[in-house]
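A.B. asks: Sharing a structure, written as structure tokens. Questions coming.
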Amino acid sequence: MMVVLLGPPGVGKGTQGAILADDLGWHRLATGDVLRAARREGTQLGREAQRYMDRGDLVPDEIIVGMVRERLESLGADTGVILDGFPRTVPQAEALEEVLGELGAEVDAVLELTAPDDVLVKRISGRRSCAECGRLYNTYFDPPEVDGQCDDCGTSLTHRDDDDAETVAHRLEVYRAQTEPLVEFYRETDAELIRVDGDRSMPDVQAAIRSALEERLGVAGDEEQ
Ligand code: AMP
């Protein structure tokens, strides 16, 4: 089973995708996370990606497609996969169809999360994370008890370089121009198109995702059985 998570930066793809993958026992492949790890490790991929990411631009398709192909090939055919942040352009979606065709798989559903731009900007520019334990905060919606410090482990919170206001505005433009057309692309395929309003509390969005996946794909997690 393969589900593509689609949505603008800040809509909650990472959070929702991680909970979903955990509950269903699926693998979550988040290209942004892979690229950030490559940057931290200073690999060639990380160095190549850096300048695009810092500007809020997309990393070239051929770099991303090669990276995703390698990972999908190494996952067993029985593994459920949530693709988070890929594909992001029509050529990437076409390349994904090709790779999946070779593996005898297909995209079963495209889950599109939506929210108004003003909400997205606050969600992203307020985003902070703990480098030590990974806990996420938002200075507007879910601030830590002590400013700039993780409630759980006391470590200083960090802000992603590409989360500053100017880069965020550009990332939203890039999403509208290059990624949103994927909804039309997938309308022409057999994938189920599921649209979920992401401008609600985190548990409400997750519940809506779960009921849609159960209804449309017959997928249910452990805690519901
Ligand atoms: P994300 O964590 O998904 O918001 O991604 C952060 C940044 O990584 C994006 O702004 C892009 O520069 C890059 N990136 C992640 N996934 C892709 C992709 N599928 N295609 C091109 N660039 C990507």
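A.B. asks: With the other protein chains left in place, how much accessible area per residue, in square angstrom, belongs to the chain at a 1.4 angstrom probe? Could the numbers behind the result be given before it?
C.D. replies: On the way: 11370 Å² over 225 residues.
In whole numbers, the chain has 51 Å² accessible per residue.
A.B. asks: For T43 and V119, FRET efficiency with R0 = 35 Å and r from the beta-carbon atoms, rounded to 0.05? Present the calculation step by step, with values, prior to reporting the outcome.
C.D. replies: Details: r = 35 Å, r/R0 = 0.99.
Working from the Cβ atoms, E equals 0.50.
A.B. asks: Tell me the volume per residue, in Å³, of the convex hull enclosing the alpha carbons of the chain.
C.D. replies: 129 Å³
A.B. asks: From Cα pairs below 8 angstrom and at least 6 apart in sequence, can you work out the relative contact order of the chain, rounded to a whole percent?
C.D. replies: Contact order relative to length: 29 percent.
A.B. asks: Follow-up. If you roll a 1.4 Å probe over the chain with all protein chains in place, what percent of the accessible area is carbon or sulfur? Don't skip to the answer; put the middle values down first.
C.D. replies: On the way: 5140 of 11370 Å².
Here it works out to 45 percent.
A.B. asks: Set the Förster distance to 35 Å, then compute FRET efficiency between A220 and R51 from the Cβ-Cβ distance, nearest 0.05.
C.D. replies: 0.20
A.B. asks: Classify region 41-121 as rounded, prolate or oblate from the Cα gyration tensor: take a ≥ b ≥ c as the square roots of its eigenvalues, call it rounded if a/c is under 1.5, otherwise prolate when a/b beats b/c and oblate if not.
C.D. replies: oblate
A.B. asks: Sort the following peptides by mean Cβ neighbour count (other Cβ atoms within 10 Å, averaged over residues), highest first: 120-131, 35-46. Each step should come with its number before you reach the end.
C.D. replies: On the way: 120-131: 19.4, 35-46: 14.4.
In descending order of packing, they fall as 120-131, 35-46.
A.B. asks: Which of rounded, prolate or oblate describes region 46-172 when judged by the alpha-carbon gyration tensor and an a/c cut-off of 1.5? Can you show the working numbers first?
C.D. replies: Details: a/c = 2.07, a/b = 1.78, b/c = 1.17.
Prolate.
A.B. asks: Let me ask something else about it. Which of the GluC sites (Glu not before Pro) found in region 100-159 are loop residues per DSSP with 11 or fewer other Cβ atoms within 10 Å of their Cβ?
C.D. replies: E145
A.B. asks: How many angstrom lie between the Cα centre of region 62-91 and the Cα centre of region 1-27?
C.D. replies: After rounding, the separation between the Cα centres reads 14 Å.
A.B. asks: Moving on to the next point. Roughly how many nanometres apart are two label points built 7 Å out from the Cα toward the Cβ at A169 and E188?
C.D. replies: 3.4 nm
A.B. asks: FRET efficiency for Q178 and T139, Cβ-Cβ distance as r, R0 = 41 Å, nearest 0.05?
C.D. replies: So, using R0 = 41 Å, E works out to roughly 0.90.
A.B. asks: Per DSSP H run of at least 4 residues, take -39500 (n - 2.57); add these up for the chain, divide by its residues and hand me the 222 nm value, nearest 500 deg cm²/dmol.
C.D. replies: Roughly -14000 deg cm²/dmol at 222 nm, from the helical runs in the chain.
The values are calculated or read from the model by the stated rules, or taken from the named source; none is laboratory data. Remember, it's a predicted structure, so these values are computed and weren't measured experimentally. FYI the Cβ positions are ideal-geometry reconstructions off the backbone, even for glycines, and counts take in every protein chain you see. Keep in mind that these areas ignore ligands, DNA and RNA; they rest on the heavy atoms of the full protein, side chains included. Shrake-Rupley method; radii C 1.70, N 1.55, O 1.52, S 1.80 Å.
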